[in-house]
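Everything on this sheet refers to the single structure shown next.
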Amino acid sequence: MKGITGLNSYPNQGRDLVLITMIVLLTIVGLVTVYSASSERSNEDFGNPHKMFIKQFVRTIIGFGLLFIAAWIPYSIWKKFAVPAMILCGFFLLLIFASNLGHESKGASRWLHLGPVRFQPSELAKFSIVLFIAAWSAQKGEEMKSFKKGILFPLGFSMILIFMVAIQPDFSTAVMLSVIAFMMIFVSGANIKHIAVIISPLIFIATFFIFTSKYRLARLLDFIGVGVNIEKAHPQVLQAWIGFGRGGFFGVGVGESRQKLLILPEAHTDFIYSVLGEEWGFVGAVTLMVLFMILIWRGIKIGMRCPDSFGAYLAIGITFSIGLYAIMNMGIAAGVLPTTGLPLPFISFGGTSLLLSYGAMGVLLNISRYSQTKPSFQSQGAI
Amino acid sequence: MKERLEWRERPKQSIPISRGRIIAILSPFFLLVLLTIIRLTEVQLVRHKEFTELAEIQQLCKREIEPSRGHILDRVGSELAVNLLDFTAIGINPSEIKNRNIVVTELSGILQIDATSIRKKLKEHTSFFWAARKVDPAVAEQVRSLGLSGVIVQKDTKRDYPYLKVGGQVVGYVNVDNEGLGGIELKFDHILSGTPGWEVLQRYGRKSRIKDNSLPRRHAVNGGTIILSIDINAQAIAEEELEKAVKAHDATGGMIVITKPATGEIIAIASSPRFDPNNFMDFSYIARQNRSVTVAFEPGSTFKVVPFAGLIDQKLIRIDEEVYCENGEYQIWDRMIRDTHLYQILKANEVLAKSSNIGTIKLAKRLDDDDFYTLIRDFGFGATTGIGLNGETRGLLRKPNKWSGVSHSNLSIGQGIGVTAVQLAIAYGAIANNGLLMRPLLVLSVSQSDGKTELFESEVVRRVLRPSTARAMRLLLAEAVEQGTGGNAIIEGIRVAGKTGTAQKVNHEKNEYYQDRFVSSFAGFLPVEQPELLAVIVIDDPQEQYFGGTVAAPVFKKVMERLMVILPCRQPYLTDDSENEEEFIEARVAPKLVGLTREEAEKILERKNITPVWIEEGEIVIVQGTPPGTPVRADGSIQLVLDPGIGKTEEIKVPDLKGMNLRQAMSTLTRIGLFPHVEGYGLVSDQIPAPGANLMVGDSCRIFAGKRAEMQLLEEGES
């Protein structure tokens, strides 16, 4: 065992109970909210108001299965998957690119069908990049300060995947992946000048992307002028606000949302936070935010206290990617960020994102076994 | 343990991550979280009320609930007008149409309506409209199966008249929107149509609406049921015999009115040609009219009862006095009066029975112009009868100051006057009814859907003749049938009273009488002593035979013979025990009471010795059972409906919205219970109705905002 994991030298601290509590709470909130928010859509699409909830419930159970498995596997094993995962992701994205070429008329697809399984490779890419950069940075250590030896390869490799996501086209996910990649690089101790030099042309490219699509430009412009005529420019945001606003302080009660009645678009996915805000009120909306904050806090703490740098980078990367999505999604729903479709981890209806989030949490929990995050009296007691 | 202690120090040495960089990354996170919480505070706490109102406005919509139209029944409860439920209406919601061309071609194909007319409607309407109503369910199913978006298939009711043409002119007809267009359907549309309710539905996506029992609603009040005095069997007999006669004599038309003279109830009323209210569009406007009330004609000899009744009543004549009848030719001013048969000397009773024009004119001269005119008015001529049907004519009657030298003479033989069949029936009714003129009674009761029933009782308009005069007239009329011109009306076993009439038609172009075109009529009742049934039959322009006695009198006989079989024998009508004329009290006339307070009304009625019967609780009289100027009921009571005051609390004054922004305006309206309909955006520039107008809860108020609204108002003004 020692040979494989290299973790035996670290004492087992036990898995982080606070993190586990957050995951369980978020799961409960998520299931309840999805049940309420999806029932109308489910009834409309499948003629059965429970169908989407049941789907989500089954996924949650599978997700917990993944979580248990990942929490059991010593995290150091993942280092070995860093490069294969990147290559596999690249392969999946190529498949999507190829199938999109064949059916241009149908519009972009972000889904890959592998037999009965249907998933979004871009979600997988998120964790692949985190894993890869974590492994690379841990390997290179101080060399990350160098451009050629340090950050060039991981960034370049990531950018290939990100570019393939961007041409799906899934521009917003590509941006999110870039942000995660740069956060990883930044945390791993890269030279800030190098990062600045790389980011500038990327911003240029991103601007080019924005201005080449009327749809993206309009969105951005709308957002800039959001205060002027929110009703016209951002019907989704207005509907989200109506939901939040109707909720008030204590909310209208679970299941009582009216905005979910096919008025609020994407009520069960991207704008589920608004449904939660309508049903649970300001109290619920802020509580959810606090839950995520605690999750981020625990995640970073686990990373900072991790005995080896790979575990640290991996923990930070996982925490950032989940936390970034959560905070971005809530910010979008509340209308402080331009509208784009991002899932709310653990809460939104969805498959790939949910399963991978649980899997990632499993890895984080495994790392927590070795992090010294507990109050010292516990370890003293163990002495 | 050693390991642990060793390890515990390790992190400090080997934390690979810079705290500063973590904080640098986390700070935008925190900023975002802070911004989100600030926004949530604004939206959820500060603007909670505003968004709740906005939510209500967009999530809810009002839908009208159509009431079901009331039924029309005859006196025994036969359904003359009912609703068929299994029909379908096809509506179009233009905003939801994806492909106009497909919708237009498919609908015009299936519904067999002109494509251009649908296109035109599509251009005119921006919101929902009906493309077709009363569609056969099978056809509607075809439309439904197309699944066109924007095309709505909905249940619809169709007004049905099971007796087809029979009674059609009385019952009337409705248009596709179930609005009354003729007859009782028109006259009592306000009662039959009911009051639409509304319900607030919750929007479900863009298209659908769902019910939520917690939302406000007002139930539709279904239309009231109207019971007519018509007996549909009698009506059928009357119409059948009339049609037979019209056909047999190749006439252009005819009218028939059958009443119960004691009460004024109309048992049957019709005119030929007739129409089927189920398919009224297929018939001429003339056929749709109830010409017994809408058309006046010169009655001729049937009118002679009026001067005779006057002469007897004023005791200006002895029944057996002799009149020189000038041997058939008598000149008055420039007019030569002729009798059909030439008579030297006739007794007064024979003048009426044989229908001598000359004799009548000479006797009638004894009546003074004003008295004669008053008598004609008292008999109900020259005024509407109060039968309460739309389009009733009061006929033609000139005032004495406009009479020429021959007017008096003409009038006494029924010329120079226009009367309706109903007027004639009412006038004869006064003779049959011991001198009391009754208001014609066509509607017996109106029952609201909440069970409130208003009964219409028979009503005495006035006393026209003394009872003894009326009895004398009845005998004279019996003689006219038995020994005079009305021989064809004799029915074995029962004494018939009646008078024939044969009037030359007026050639309006040349302003003279046609020599060969006539209106033949017969008015009569039976039995003579206690008349139960009265009929007026008018045949317009019969060919070859034209005497009232040969054309109209046989119709009377046939109708009455058949009616006596089917109509159950009723007990004799209220005996007129006012043999002693002094006992007869002048009918008390109702004063105008509507608008007065309860106390004021009580005072006035006390003076007149009329007992008020109060309906509902309240302060102000809003309805009076007996209209002003008409005699009160026999028991000396009058029904007065007081304002229950329910309407007051529900009434809302429209506030002035001008200058408000839309959100303020909408929430102002919603708060007080009105539904806003917004056009344009920006500041409110105009509103309908204007500020200060009264609306009911749940009504809608249109608000116009910005420049777009001004233009729209202009356009509306121009069009």
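Some observations on this one:
- Sole exception among (1) over 30 Å from B:Ser78 (Cα atoms); (2) modelled with pLDDT under 90 for B:Leu475, by number: (2)
- Filter result for B:Ile152 (in contact (Cβ under 8 Å) with a residue 40 or more places away in the chain, within 21 Å of B:Ile230 (Cα to Cα) and not acidic (Asp, Glu)): no
- Residue match in segment B:705-713 (condition: modelled with pLDDT of 65 or more, surrounded by 14 or more Cβ atoms within 10 Å (Cβ to Cβ), in a helix (DSSP H, G or I) and of a type outside the set (A, V, I, L, M)): yes
- Qualifying residue in segment A:265-275 (condition: over 19 Å from the mean Cα position of the chain (by Cα), of a type in the set (Ser, Thr, Tyr) and part of a helix (DSSP H, G or I)): no
- Among the candidates A:Ser368, A:Ser321, residue that is in a helix (DSSP H, G or I) and touching a Phe, Trp or Tyr at 6+ places or on another chain (Cβ under 8 Å): A:Ser321
- Restricted to helices (runs of 4 or more DSSP H) entirely inside segment B:37-125, those with at least 2 residues that are buried (at least 16 other Cβ atoms within 10 Å of the Cβ) and modelled with pLDDT under 80 are B:48-59.
- Any hit, segment A:292-303, residues being assigned to a loop (DSSP other than H, G, I, E, B), within 11 Å of chain B (Cβ to nearest Cβ), at pLDDT 85 or above and in contact with a Pro (Cβ under 9 Å, 6 or more places away or on another chain): no
- Qualifying residue in segment A:44-51 (condition: surrounded by 15 or more Cβ atoms within 10 Å (Cβ to Cβ) and either within 13 Å of A:Gly362 (Cα to Cα) or modelled with pLDDT of 90 or more (or both)): yes
- Of residues in segment B:667-681 being at pLDDT below 75 and in a helix (DSSP H, G or I), the one nearest to B:Leu695 (Cα to Cα): B:Ile672
- Residue within segment A:334-344 that is more than 10 Å from every other protein chain (Cβ to nearest Cβ), in contact with a strand residue (DSSP E or B) (Cβ under 7 Å, 6 or more places away or on another chain) and among the small types (Gly, Ala, Ser) present: no
- Number of the condition not met by B:Gly223 [criteria: (1) modelled with pLDDT under 90; (2) among the small types (Gly, Ala, Ser); (3) not in a loop (DSSP other than H, G, I, E, B)]: (3)
- The number of residues in segment B:243-294 that are over 26 Å from B:Asn434 (Cα atoms), in a loop (DSSP other than H, G, I, E, B) and under 21 Å from the mean Cα position of the chain (by Cα) comes to 7.
- Only listed residue being of a type in the set (Ser, Thr, Tyr) and modelled with pLDDT under 85, chosen from B:Tyr343, B:Tyr373: B:Tyr343
Condition check ((1) at pLDDT 90 or above; (2) under 24 Å from A:Phe346 (Cβ atoms); (3) outside any helix (DSSP H, G or I); (4) acidic (Asp, Glu)) across all residues:
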| position | (1), (2), (3), (4) |
| --- | --- |
| A:Gly14 | no, yes, yes, no |
| A:Met22 | yes, yes, no, no |
| A:Leu25 | yes, yes, no, no |
| A:Arg41 | no, yes, no, no |
| A:Phe53 | yes, yes, no, no |
| A:Gln56 | yes, yes, no, no |
| A:Gly63 | yes, yes, no, no |
| A:Ala71 | yes, yes, no, no |
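- Take the conditions (1) surrounded by fewer than 24 Cβ atoms within 10 Å (Cβ to Cβ); (2) in contact with a Lys or Arg (Cβ under 7 Å, 6 or more places away or on another chain); (3) closer than 14 Å to A:Val187 by Cβ; A:Ser321 misses just one of them, which is (1).
- Residue that is farthest from A:Val363 (Cα to Cα) [pool: residues in segment A:128-168 that are surrounded by fewer than 16 Cβ atoms within 10 Å (Cβ to Cβ) and polar (S, T, N, Q)]: A:Ser146
- Screening segment B:433-479 for strands (runs of 3 or more DSSP E) wholly inside it with 1 or more residues that are in contact (Cβ under 8 Å) with a residue 60 or more places away in the chain and buried (at least 20 other Cβ atoms within 10 Å of the Cβ) returns the ranges B:436-438, B:443-447, B:460-463.
- Filter pass, B:Glu9 being at pLDDT below 75, part of a helix (DSSP H, G or I) and more than 7 Å from every other protein chain (Cβ to nearest Cβ): yes
The values are calculated or read from the model by the stated rules, or taken from the named source; none is laboratory data. In this text the structure is predicted, and so the values were computed from the model without any measurement. So basically every Cβ, Gly included, is an ideal-geometry build from the backbone, and we count neighbours across all protein chains shown.
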